[in-house]
Each structure stands twice: as C-alpha cells, then as structure tokens.
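Supplied in structure tokens, the structure appears directly below.
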Amino acid sequence: MDYSRYFRDYPDKDGYFGEYGGRHVPPELEKPFREVADAYQSICHSAEFINELRRIRREFQGRPTPVYHCNRLSRHLGNCQIYLKREDLNHTGAHKLNHCMGEGLLAKFLGKKKLIAETGAGQHGVALATAAAYFGLECEIHMGLVDIAKQAPNVTRMKILGAKVVPVSRGLQTLKEAVDSAFESYLASYEDSIYCIGSALGPHPFPLMVRDFQMCVGLEAREQFKEMTGILPDAVCACVGGGSNSAGMFSAFLADPVDIYGVEPLGRGPGKGDHAASITFGKKGTLHGFDSYVLEDENGNPDPVYSIASGLDYPSVGPEHAFWKDLGRVNYVTATDEEAVDAFFKLSRYEGIIPALESAHAIAYAMRLAKEMQTGAILVNCSGRGDKDVDYIVERFGYGENYKFPEA
C-alpha cells in the first residue's frame, strides 16, 4: 500500500474503502445523500469553507488542544512514557465537536433548517446541539433510554442548548436503536434537515466527511509530539466504537513507522452480548447503510452488544477501520470494563485528569502496552472528559477506595 497516495485513492467515488463502505439506503434517501456528497465535494477544497472552519476551531472550540506527558503515570508503569492528546479540552469536552461544527457549516451551505442525529454517551448529542445553537438551527437528538439514564448530565446539557431529545425505548434501548430511530426521523423530513451521524460510519459520504473533519486531531498531535520530543512516538493508541476519534488520530500516522492500536470494548468478556468488539469477533455484513465488520447472529441480525462506555456499544465499526484491519496497518485489540475502570481511576489519581470511559479503554491498553514495551513512548488520544460518567462510576465503584495508588 502506497500511503502517500492513500487519501487520493480512498474512498473511491462510490464511497468504498476496498470492499467496505458504500451507500445502501432506501430509494427516497438516495437523492438527499447524493446531495450531501456533492455539496461536501464542492466545498471541502474551498478556501472560504476551510478558513471559516479554521476560524471556528481556533476562536470557538479552542483548538489546537495540547499533547500532555503523563509523568507520574509513566513512572508508576516503568520506563515507557505515555502522552495524551487532550481532546477532553476541546469545547464541550470531547472530539465530537470537530465534525459537528463541520456538519453544521455544511447544513448552512445546503440551506437546511434542522440537524438530526443519534447519540450514545451523549457527547455527540451535546456537540451537535452546540453546533445547532452556534449556527441558529433546530436540533433533534435520538437517544436510548438506557443511555439517557447513564448519561443524565449530557441529556441536561442538550436540553439547555435547545435540542429536542427523543427517548428510544425499542430493543436494547442503546446506540443501535438510537441510530434506527434517527434514520426514520430523517426519512420523514430530509427536505429541511441533514442527518449528522455521530461517527465515521453510515452511508457515503459520512465516513469520509467525519474522518476528514477529525483529521485535525492526528495532524496536531503528530506535529506537537515531534516538537516536544524531536521524534515520532513508537505507538499510537485510541478507542474504537464507531471509530471517529481513532480515524482522526490514526490518519496522520498511516505513512509513518509507528505501531497503531485501535482498542475495542471487551466489556464483561468474549461471550455473545457481553461486549461490542465488532472487528475482533465480527464478520463482513451490512448495517445502517454501509458494509463493514458486524456482530451478527446466525440469521444475519445484529447481535446484542454491551460496554460500560455508552459511546462504544455499537454492533459494527466504520468501514475505513475494517479496511485498515484487512490491510494489517492497524492492530485492533481489546480492553475490558474492569481494565477501563482501573485506567479511569489511575489517570484521575496520578495525573488529575478524569477521562471519559470510552477514552479509558485506550488508556487501559496503553498502560498494558507500556509494561510490555518497557521503553519508548505511546501517544494516546484522550478523546473525552469523564464528567458525564462520574455519577455512574461512583454509584457502582465508589471513589476508588478499593484501588491502590502506590507512589512511582
């Protein structure tokens, strides 16, 4: 694979990364999705659009976010050094605003009046509600009842920002069902609305658009790390649910001699319904209008999935991640709930940074990898802050009383 030409070649004109991706939508949605694709292609190289997006990122989002050296955590683990890309410091507390502001700007370009989306952990919902408020648009967020209960602070934030939160009570009442509900709403109102999917997945052009809008994460991190250390990291690590934060992080390092690790949620273990590790245990299938790895039962229906992190409990993964898996460029690994909670408390106690449970999966694997590597440096995308998770964590795990935090 010639990675110097990668972004020219993938996805192709039909939205495929190799055999993954595409656009499988009802006939009545083919035209609006093609309209979005054509509009994006016409403005993605526009100096006016790019400069306006850069101004928003600089003045409204607070970009660039910094790279931070975890000195105490690294000493606790040994001689391998862990660095964080601090997306938790991005406005609204996660990486999600990077693509939401881009999608909001695109909606204004198309003359749309409303943004429709799903959310799991609530960070995408908050980010899209923020974008809607910024651009003066209506906002409708679909969210499973299980996630509404787990992520109450984010539900409150969405409502304060003016969004209509639609509770989804079907099925497992989590992210997959929220996507189903949001698609149905968009189907009924696409003339005045734009569907803003919350990750690097869905029908073309959304995997392309979200990756492009999130590339600022990896490009910044690569430049910042080299400025700090004079070299590249030995490994780059990020969590993978749908795959937006990791697609943005990994894309900048594809052509570099750097090991890349995408960390999926192993949840309670490898049994059916106990995890959401779509690449690790899935097979090629179609879900929500695109081809990728999917966790399916013997009848081809999506398996029930679970993760302590609401933003990771999805039975598939973005098509570009499936492509990277088959190319062998990215190593897809797993971390359990138990490991994620341990990383949550350790980063909080050693560094004063409370991470999102999604990000804690990547930090957990980086901690494991640091012990194996013994030397070198690992750059981790801390994709969000844990404000949304603290009530849930304290209710089930206390304040970390059962964990030991020895001095390094």
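Sort 47-56, 159-168, 174-183, 360-369 by the packing proxy (mean of other Cβ within 10 Å over each peptide's residues), most packed first.
On the way: 47-56: 13.3, 159-168: 16.7, 174-183: 25.0, 360-369: 27.7.
Result, highest mean first: 360-369, 174-183, 159-168, 47-56.
Here is a follow-up. Report, to the nearest whole %, how much of the accessible area of the stretch 261-310 belongs to carbon and sulfur atoms, 1.4 Å probe, protein only. Intermediate values should be presented prior to the final figure.
Numbers: 870 of 1840 Å².
About 47 percent, which is the carbon plus sulfur part of the accessible surface.
How large a share of the accessible area of the stretch 1-159, in percent, is made up of carbon and sulfur atoms when the probe is 1.4 Å and the other protein chains stay in place?
50 percent
Another one. Calculate the translational D of the stretch 84-156 in whole µm² s⁻¹ from Stokes-Einstein, where the hydrodynamic radius comes from the Kirkwood formula applied to all Cα pairs, the temperature is 4 °C and the viscosity 1.567 mPa s. Walk me through the numbers on the way to the answer.
On the way: Rh = 12.5 Å.
In µm²/s, the coefficient rounds to 103.
Taking only protein heavy atoms into account and a 1.4 Å probe, give the accessible area per residue of the chain in Å².
Working: 15410 Å² over 408 residues.
Here the residues of the chain average 38 Å² of exposed surface.
What FRET efficiency do you get for residue 35 and residue 402 if R0 is 51 Å and r is their Cβ-Cβ distance, rounded to the nearest 0.05?
Values: r = 54 Å, r/R0 = 1.06.
Step by step, r from the Cβ atoms, then E = 0.40.
Further question on the same structure: Out of the DSSP beta bridges found with both residues in the chain, what percent are antiparallel (nearest 5)? It would help to have the intermediate numbers written out before the result.
Values: 15 of 49 bridges.
Within the chain, antiparallel bridges account for around 30 percent of the total.
Just add up the charged neighbours of residue 170: K/R +1, D/E -1, any other residue whose Cβ is under 11 Å from the Cβ of residue 170.
Numbers: positive: 176; negative: 177, 180, 184.
The answer is -2.
If the cut-off is a Cα-Cα distance under 19 Å, which lysines reach residue 13, setting aside same-chain residues fewer than 8 apart in sequence?
The qualifying lysines are 31.
List the lysines whose alpha-carbon lies under 29 Å from that of residue 150, not counting same-chain residues fewer than 8 positions away?
Filter leaves 85, 96, 114, 159, 164, 176, 272, 346, 388, 404.
Which of the GluC sites (Glu not before Pro) found in the stretch 257-344 are loop residues per DSSP with 10 or fewer other Cβ atoms within 10 Å of their Cβ?
On the way: sites: 296, 298, 320, 338, 339; in loops: 298.
Sparse-neighbourhood loop GluC sites (Glu not before Pro): 298.
The values are calculated or read from the model by the stated rules, or taken from the named source; none is laboratory data. Small disclaimer: the values here were computed from a predicted structure and weren't measured. No Cβ is skipped: glycine too gets one built from the backbone with ideal geometry, and neighbour counts run over all protein chains shown. The area values use the complete protein model at the heavy-atom level, side chains included, leaving out ligands, DNA and RNA. Shrake-Rupley method; radii C 1.70, N 1.55, O 1.52, S 1.80 Å.
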